[in-house]
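The values are calculated or read from the model by the stated rules, or taken from the named source; none is laboratory data. Treat the numbers as computed from the prediction; the structure is a model and nothing was measured. Note that we place each Cβ from the backbone using ideal geometry, even for glycine, and neighbour counts take in every protein chain shown.
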């Protein structure tokens, strides 16, 4: 029987995130086109656009801990297969929503597709538990960088494919491309992904949803890391949901009539993904050894805060096409690219050390449940972020960015004060003892 493989789980997560990256940059733009036709009140339009973006995360918030607990009980492989099949169906619905002539029907089907995608969005939770299963504690922060690298690469290839399919295949193209990739991912996982969860004598406690949250948050350092992840994700989701709108307004891109303009926004996500993949693909292991997880998390938050404070004050009339400035007023775009580069570096340095530290603090038989709670907290942040940021953007574009800057700086102070600089010892348990034996061997 084949052994569990980091390469296979990386490919599984990567293909899943390519599908995710195809549709995410264009959802706010689709919403900007549909919502005014369905919601006449100007004050409510930003809130509805935020709700479209948040629909995925609302369902993921409810079900990520469930998938994590189920993977602890039944194994990682069956849950990964089930979640991938559900994601495929959700993208089919997303493609169909673009074929409907009635705006309200199209809007409702789009929201339904995002809710279905969130319900089955357990891949990242289970993939991180899979990595923890097969990685010694001392190497987990570095190996968790593979998930971060998959995120970065997904946001290179996904938005690029989405932009090209939008331009050459029309409005249904991104949905069908994402569905096709997820179907291919399902076949890949079915035939070559093996189970990673090892049977141990440790008792797996199956707690109700809220009890699992309470159990996880009551553990001081684990609870603190979950809170830090929540706040960092909240700020990133504010950026992610408003960047397409900010760019289309500040750079005068007509995203409703010009598909090239919509593709421009997708290419900015490609640019961010390139930088994120470069950072997470090579720098994480060395930086963890140099700074330790807590200091690296603090540094990532400061860099992200600096970029968010800068972004809303950049404006111009130039257009970007595959990284080429095609009008004379290129200086504002250089500022935009600089701010996005700083943000990409900052956000790329947050997840791997945070989840590596979280994994080392968690007994082996609770990896899936604990990571599921953390992902659920991230999903809650992705619900609240768009609902907070998109309405404010219409009134004062800089406000959501400046509020997030303050949140990140306060979170940095919390990390510095409450977490020690040195890496913690793994918890004493049957599962941890097994992992320690593997490391010694």
### Query
residue 173 versus (1) modelled with pLDDT of 85 or more; (2) surrounded by fewer than 23 Cβ atoms within 10 Å (Cβ to Cβ); (3) farther than 30 Å from residue 336 by Cβ: which is the lone unmet condition?
(3)
### Query
assigned to a helix (DSSP H, G or I), in contact (Cβ under 8 Å) with a residue 40 or more places away in the chain and surrounded by 24 or more Cβ atoms within 10 Å (Cβ to Cβ): does that describe residue 121?
no
#### Entry: Subset of the stretch 63-74 (residues that are in contact (Cβ under 8 Å) with a residue 12 or more places away in the chain and surrounded by fewer than 19 Cβ atoms within 10 Å (Cβ to Cβ))
66, 73
### Flag if residue 100 is farther than 24 Å from residue 188 by Cβ, buried (at least 18 other Cβ atoms within 10 Å of the Cβ), at pLDDT 85 or above and in contact with a helix residue (DSSP H, G or I) (Cβ under 9 Å, 6 or more places away or on another chain)
no
### Task
List the number of the failed condition for residue 7; all other conditions in (1) more than 25 Å from residue 172 (Cβ to Cβ); (2) in contact (Cβ under 8 Å) with a residue 12 or more places away in the chain hold.
(2)
### Filter result for residue 385 (under 26 Å from residue 55 (Cβ atoms), within 15 Å of the chain's Cα centre (by Cα), surrounded by 24 or more Cβ atoms within 10 Å (Cβ to Cβ) and modelled with pLDDT of 90 or more)
yes
### Query
If you scan the stretch 31-62, which residues turn out to be out of contact with any helix residue (DSSP H, G or I) (no Cβ under 7 Å at 6 or more places or on another chain) and either assigned to a helix (DSSP H, G or I) or crowded, with 20+ Cβ neighbours inside 10 Å (or both)?
33, 42, 43, 44, 62
### Message
I need the full set of residues from the stretch 388-423 which are surrounded by 18 or more Cβ atoms within 10 Å (Cβ to Cβ), within 27 Å of residue 36 (Cα to Cα) and more than 22 Å from the chain's Cα centre (by Cα), in order please.
### Response
392, 397
### Query
So, in the stretch 357-382, of the ones that are buried (at least 24 other Cβ atoms within 10 Å of the Cβ) and more than 21 Å from residue 121 (Cα to Cα), which residue ends up modelled with the highest pLDDT?
357
### Message
Quick test for you: out of 158, 86, pick the one residue that is touching a helix residue (DSSP H, G or I) at 6+ places or on another chain (Cβ under 7 Å) and crowded, with 23+ Cβ neighbours inside 10 Å.
### Response
158
### Message
Condition (residue is in contact (Cβ under 8 Å) with a residue 12 or more places away in the chain, closer than 20 Å to residue 176 by Cα, assigned to a helix (DSSP H, G or I) and within 19 Å of the chain's Cα centre (by Cα)) applied to the stretch 101-113: is it met by at least one residue?
### Response
yes
